[in-house]
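Chemist: Could you have a look at this structure, given as structure tokens, before my questions?
The values are calculated or read from the model by the stated rules, or taken from the named source; none is laboratory data. As the structure is a computational prediction, the values presented were derived from the model and not from experiment. Cβ: placed from backbone, ideal geometry, glycine included. Neighbour counts: every protein chain shown. The area values use the complete protein model at the heavy-atom level, side chains included, leaving out ligands, DNA and RNA. Shrake-Rupley method; radii C 1.70, N 1.55, O 1.52, S 1.80 Å.
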Amino acid sequence: MATTENGDVLVGLGEGAGQLFLRLDRANRHGLVAGATGTGKTVTLQILAQGLSDAGVPVFAADVKGDLSGVAMAGSPNEKLLARAARMGLDLTPLAAPTVFWDLFGEQGHPIRATMSEMGPLLLSRMLELNDVQEGVLTVAFRVADEEGLLLLDLKDLQAVLGYVGENAADISARYGAVAKASLAAIRRKLLVLEDQGAASFFGEPALALSDLMRVDGSGRGHVNILAADRLINSPRLYATFLLWLLSELFEELPEVGDPEKPRLAFFFDEAHLLFRDAPRGLLEKVAQVERLIRSKGVGVYLVTQNPADIPDSVLGQLGNRIQHALRAYTPADQKGLRAAAQSFRANPAFDTAEAIQGLGVGEALVSLLDEKGAPCVVEKTLIRPPASRLGPATPAERSALMAQSPVRGLYDEARDRESAHERLQARAETQAAPAPPVKTAPAPRTPARRSSGGGRQGLGEAFTKSVLRTVGSQIGREIVRGMLGGLRRR
């Protein structure tokens, strides 16, 4: 097991402080795992995920390279790993974590879906890289869909609503401001690009229930939810926006719990710099707000990235538990990032932090975790503990076998397409386009011409007067009928 009697997660062996543990009652205060490629970040993520799982905390983690899937299989430690475990006084018993595989594309895990309405115009604009004018037009389209009772579930629903807005641009512009057809066309083209990237399978139903990410097994261990992201990372906007959406949904749906004895969920966001790259100020403020407040919902967020300098200060300042693997400083920008990383730690008088970061080997890190008062401990050179699960990915056959036994098997595997905006607008268009059936009328009976009171034919003045009266009468009649029907409709 990777925990103490009270469930705290063993991270590794500190050079001057003995075993270092991530306290469960401070694990919702967020964290950072940073370091250059090949320095051991994935293994650190793996031992944190498995340790939290052993303590009964469900985990959600993105698997960018595929290696993290090994957490689902019991390990086969070699002599080097066994020696490291013995040095830490650790009994390295091979053990797999209960794991559920997910995949936005439905290829290497259960599909994850969200509706267009759940995503909303702000995050969708971020995903599509829309400018301010286009974002405003998209927001109008969502408002029109809401007012018209048109469900926005998938991509074709949004395309249909955008077409409807274009056809009624004059009326809609009068209500909400100018809706340029050029902006509508640009949005629709970008939706096609998103569809070509495979996003069509993400938008739709059945939508993900957050409770399915927060399961524990029969022995009380939390499920480790692994998102296959090796293909998804090739669409960085989709990847970052999806994870931000998921974080926002957790923030909006979960009740306040303050500082619990252990988190309700630990959320690991690999390649976290993608979340902040070219992000507008409004979005950065939203991320910082969610990051600051979601800990009171019992969710711990751990950002995994190469360099802490990739994270805005407003977010970085909220990451209390820090594990820093080696950084290399070959350029002025690298040196600046190195200094920033060193200055973010509580200094240890036994060594220079900046020099120590550059001298770390694979599987070593500088670690500063929160103490019982929530204050960061002095940074320690640390030997990261070896994992009890497999180092390396699960095979496709092993993944398929686990999916066949998954607690969510059958819940999300088949898409559902109910009546929504696309179908309703299509039916409305067909009704309007259908020709009206001809109305058959009986021929008017021939009547003899009336005589005037003087005995001759009706005079021109009299005929004109009667015609005017008939016209006025028919108009008054139509107004009366229209008023009656209107009153009935309003009831």
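Chemist: How about segment 38-91: which trypsin sites (Lys or Arg not before Pro) there lie in a loop by DSSP and see at most 16 other Cβ atoms within 10 Å?
Modeler: Numbers: sites: Lys41, Lys65, Lys80, Arg84, Arg87; in loops: Lys65.
Listed in order of number, the matching sites are Lys65.
Chemist: Now a separate question. Quantify, in whole percent, the carbon and sulfur part of the accessible surface of the chain (1.4 Å probe; protein heavy atoms only). Write out the running numbers ahead of the final one.
Modeler: On the way: 12520 of 23930 Å².
With neighbouring chains kept in place, the figure for the chain is 52 percent.
Chemist: Relative contact order of the chain, please, whole-number percent, based on alpha carbon pairs below 8 angstrom and at least 6 residues apart. Walk me through the numbers on the way to the answer.
Modeler: Details: 835 pairs, mean separation 133.7, N = 491.
Dividing the mean separation by the residue count of the chain yields 27 percent.
Chemist: Please give the net charge around Gly38, taking every other residue with its beta carbon less than 13 angstrom from that of Gly38, where Lys and Arg add +1 and Asp and Glu add -1.
Modeler: Details: positive: Lys41, Lys65, Arg328; negative: Asp67, Glu364.
Taking every other residue near Gly38 into account, the sum is +1.
Chemist: While we're on this one: Apply the Karplus parameterisation 6.51 cos²θ - 1.76 cosθ + 1.60, with θ equal to phi minus 60°, to every residue of segment 130-139 and state each ³J(HN,Hα) to the nearest whole Hz, in sequence, with x for glycine and proline.
Modeler: 7, 7, 4, 5, 5, 4, x, 5, 5, 4
Chemist: Please give the Cα centre distance for segment 417-436 versus segment 237-270, rounded to the nearest Å.
Modeler: Between the Cα centres of segment 417-436 and segment 237-270 lies a distance of 39 Å.
Chemist: Where does each of Ser69, Ser76, Ser173 land when they are ordered by accessible area, with a 1.4 Å probe and the largest first? Could you put the intermediate results ahead of the total?
Modeler: Working: Ser69 0, Ser76 110, Ser173 35 Å².
Descending accessible area places them as Ser76, Ser173, Ser69.
Chemist: Can you check what the net charge comes to around Asn78, using other residues whose Cβ is under 14 Å from the Cβ of Asn78 (Lys, Arg +1; Asp, Glu -1)? Let's see the in-between values first.
Modeler: Numbers: positive: Lys80, Arg84, Arg390; negative: Glu79.
Surrounding charge for Asn78 is +2.
Chemist: Another question about this same structure. For segment 200-297, rounded, prolate or oblate, judged on the Cα gyration tensor with a ≥ b ≥ c (square roots of eigenvalues), a/c < 1.5 rounded, else prolate if a/b > b/c?
Modeler: oblate
Chemist: In square angstrom, what is the accessible area per residue of segment 391-432 with a 1.4 angstrom probe?
Modeler: Numbers: 2910 Å² over 42 residues.
Accessible area per residue: 69 Å².
Chemist: Further question: Counting only DSSP beta bridges with both residues in the chain, what percent are antiparallel, rounded to the nearest 5?
Modeler: Numbers: 21 of 50 bridges.
About 40 percent, rounded to the nearest 5.
Chemist: Return one number: the angle in degrees, 0 to 90 and rounded to the nearest 10, between the long axis of the Cα atoms of helix 460-490 and the longest principal axis of the Cα atoms of the chain.
Modeler: For helix 460-490, the angle is close to 30 degrees.
Chemist: Go through segment 321-398 and name the GluC sites (Glu not before Pro) that are in a DSSP coil and have 13 or fewer other Cβ atoms within 10 Å of their Cβ.
Modeler: On the way: sites: Glu355, Glu364, Glu372, Glu380, Glu398; in loops: Glu372.
Those satisfying the criteria are Glu372.
Chemist: For segment 50-131, which GluC sites (Glu not before Pro) are in a loop by DSSP, counting at most 13 other Cβ atoms within 10 Å?
Modeler: Counting only loop positions with at most 13 other Cβ atoms within 10 Å, the GluC sites (Glu not before Pro) in segment 50-131 are Glu107, Glu129.
Chemist: Above 44 Å lies some portion of the pair distances; for the chain, what is it as a whole percent of all C-alpha pairs? Don't skip to the answer; put the middle values down first.
Modeler: Values: 37494 of 120295 pairs.
Roughly 31 percent, rounded to a whole number.
Chemist: Next question. Could you tell me how far the Cα centroid of segment 358-398 sits from the Cα centroid of segment 45-97, in Å?
Modeler: Here the two parts' Cα centres lie 11 Å apart.
Chemist: Further question: Quick check: the angle from helix 41-54's long axis to the longest principal axis of the chain, C-alpha only, nearest 10 degrees?
Modeler: 80
Chemist: Cα axis of helix 181-196 to longest principal axis of the chain: angle in degrees, 0 to 90, nearest 10?
Modeler: 50
Chemist: Around Asn348, what is the net charge, scoring Lys/Arg as +1 and Asp/Glu as -1 over all other residues with Cβ under 11 Å from its Cβ?
Modeler: On the way: positive: Arg346, Lys381; negative: Glu15, Asp352, Glu380.
That works out to -1.
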